[in-house]
Structure formats: C-alpha cells, structure tokens
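Structure first, then comments.
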Amino acid sequence: MTASPSLPGPRAKLPYPVAYALGAALEATSYALKRKQEPMLTRYMVVKMGKTHTYSNQRAQKDLGYQSKVSIDQGLENVYAWIDAHGMPEAIG
C-alpha cells in the first residue's frame, strides 16, 4: 500500500475510557458555562475516532453480484494523489 501523504500524526494518545470521560467532562463544562460553541472533544468524537468503522462488501458480492471497480489499495492511492495535488479539504485540515 502506498504511504499516506505528509499528514501529521497524532500528538498524543489517551486510553479510550480516559478520552471518553474527558469528552463527557468537557461537554458538562460547556453546558454549565452555557457556551454556544461545541467543546473541542465530545463523547461522540471519541466514539468515532476510537473505534474501527470498517464494513465488508462480501454480502453485496454474494447476494447482488457486486464487484469493486477499484481495489482498496488503488482507491487509497487515488485519494492520496488527489490530496497531494489539491491539498487537504478545508473541513478536514
């Protein structure tokens, strides 16, 4: 597999339960202070970043005859090439 573009890696690692508790504490503090802006870390963010979200297409292949047009490795290569050419989208970077 091709290496990802030069994206920064994580600055720190927290155990999942600690991150989840921190998200809950920041949410509670934000609510108590009546802040309009969402906290920098929420329980939702921890769940989305801290768990694997992968899905198999085997059932679609078996039941519907689905076949991928591009392999996962080729798809990632295409994404990395696009990021290198255009930069990271605003909402992400």
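Brief remarks on what is shown
- Candidates are the residues of region 43-73 that are aromatic (Phe, Trp, Tyr) and surrounded by 10 or more Cβ atoms within 10 Å (Cβ to Cβ); the one that is farthest from TYR31 (Cα to Cα) is TYR66.
- Across region 25-42, the qualifying residues are those that are among the aliphatic types (A, V, I, L, M) and part of a loop (DSSP other than H, G, I, E, B), and the one among them that is surrounded by the most Cβ atoms within 10 Å (Cβ to Cβ) is LEU41.
- Note on region 59-93: among residues that are under 28 Å from MET45 (Cβ atoms) and part of a loop (DSSP other than H, G, I, E, B), the one that is modelled with the lowest pLDDT is GLY93.
- Unique match (being surrounded by 12 or more Cβ atoms within 10 Å (Cβ to Cβ) and under 16 Å from the mean Cα position of the chain (by Cα)) among LEU76, LEU22: LEU76
- Scan of region 55-93 for residues that are hydroxyl-bearing (Ser, Thr, Tyr) and farther than 19 Å from PRO8 by Cβ, ordered by number: TYR55, SER56, TYR66, SER68, SER71
The values are calculated or read from the model by the stated rules, or taken from the named source; none is laboratory data. Everything numeric here is computed off the predicted structure, so don't read it as measured data. Here Cβ is always computed from backbone atoms with ideal geometry, including for glycine, and neighbour counts include all displayed protein chains.
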